[in-house]
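To start, the structure itself, in structure tokens.
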Amino acid sequence: MAVATPMPAVPGTNMATATRFWITRLGYGFVLGVAIATLDFAHYFPLTAAPKNIGFLSFVSLLLEWCGEGVLLALTVGLAERWMSPRELRAWQLLLAVVVGTVAAVLTWQTFTLIVLRDGLGIRLFRDYLGTPVIWIGGVFYQGWLMLFFGGLAAAVYASRRRRARMLAALLAAELARATSQQRLAEARLASLQARVEPDFLLQTLTRLEQSYEADPDAADRLLDELIAFLRGALADIRRQNPT
């Protein structure tokens with residue numbers, strides 16, 4: 001007797017899934033950073049529009065700061081999701097991941113932008129364009145509360161969409177189970193109707209009908225009428241249950 005062997009897992013499947021997961025998280029962080037940078041730039045736009053015409057460069061510096069922090073936050077939340085996989089993060093776990101990710105992202109990226117980008121590579125930050133002092137602790141507090149606020153909003157939207165998708169999947173599964181149950185019930189009814197018109201049943205009835213004609217023709221006529229009516233009803237039910 002042949003022994004069935006399990007199909008080996010396709011190595012590329014898990015790799016592709018993981019790659020798609022992290023690329024999606026990078027996209028979330030980038031979109032979050034662009035959104036905060038746009039709002040921040042709109043708030044300070046009267047100071048950057050004129051007369052030095054530094055609006056575009058200052059917006060690029062804002063994108064550099066906020067997108068870096070947004071990506072780090074999204075990656076931190078992604079690490080928490082992968083750690084809890086296959087279970088989903090609960091509300092408090094998602095909130096904790098956002099808080100920890102915000103602190104880690106702001107501290108790391110503010111240190112990187114000041115030491116490496118500004119002091120090492122000479123890249124001007126948004127505060128340089130505004131003419132305000134570039135203080136590390138001040139940037140940490142300012143960037144931290146904004147990232148925590150907008151990151152929390154983004155996490156709430158993400159959790160709501162995830163909950164909606166989960167409810168839709170459960171609804172679809174319930175509908176599929178109901179359709180399967182109805183199909184099985186119809187098949188059972190069809191089998192029951194087919195069992196009523198089995199050849200043995202017909203032969204027994206016809207034998208009884210033949211004997212009745214010899215003993216009581218009137219009773220035999222009534223039995224024949226009942227048999228015809230029964231067969232018509234049974235065949236109609238069978239055609240209705242299975243038109244083919």
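Put simply, of Val106, Val98 the only residue that is in contact with a Gly (Cβ under 7 Å, 6 or more places away or on another chain), under 19 Å from Ser61 (Cβ atoms), in contact (Cβ under 8 Å) with a residue 40 or more places away in the chain and not basic (Lys, Arg) is Val106. Considering the conditions (1) within 18 Å of Tyr44 (Cβ to Cβ); (2) outside any helix (DSSP H, G or I); (3) not small (Gly, Ala, Ser), Met147 is excluded by exactly one of them, (2).
Taking the numbered list (1) at pLDDT below 90; (2) open to solvent by 60 Å² or more (accessible area, probe 1.4 Å); (3) part of a helix (DSSP H, G or I); (4) within 25 Å of Val34 (Cα to Cα) in turn, Pro133 passes all entries but (3). Only residues that are of a type in the set (S, T, N, Q) and modelled with pLDDT under 85 were counted across the stretch 1-31, and they come to 3.
The single residue among Phe41, Phe45, Phe56 that is modelled with pLDDT under 95, open to solvent by less than 70 Å² (accessible area, probe 1.4 Å) and among the aromatic types (Phe, Trp, Tyr) turns out to be Phe41. Might you let me know whether the stretch 188-207 holds any residue that is in a helix (DSSP H, G or I), modelled with pLDDT of 75 or more, more than 21 Å from Leu227 (Cβ to Cβ) and open to solvent by 80 Å² or more (accessible area, probe 1.4 Å)? No, there is no match, as no residue in the stretch 188-207 is in a helix (DSSP H, G or I), modelled with pLDDT of 75 or more, more than 21 Å from Leu227 (Cβ to Cβ) and open to solvent by 80 Å² or more (accessible area, probe 1.4 Å).
Residues checked against (1) loosely packed, with under 10 Cβ neighbours inside 10 Å; (2) modelled with pLDDT of 90 or more; (3) of a type outside the set (Gly, Ala, Ser):
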site	(1), (2), (3)
Phe141	no, yes, yes
Gly152	no, yes, no
Ala169	no, no, no
Ser181	no, no, no
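The values are calculated or read from the model by the stated rules, or taken from the named source; none is laboratory data. This structure is a prediction, so every number in the text was calculated from the model and none was measured. Cβ coordinates were reconstructed from backbone atoms using ideal geometry, including for glycine residues, and neighbour counts include every protein chain displayed. To get the accessible areas, we keep the full protein, side chains included, count just its heavy atoms, and leave off ligands, DNA and RNA. Shrake-Rupley method; radii C 1.70, N 1.55, O 1.52, S 1.80 Å.
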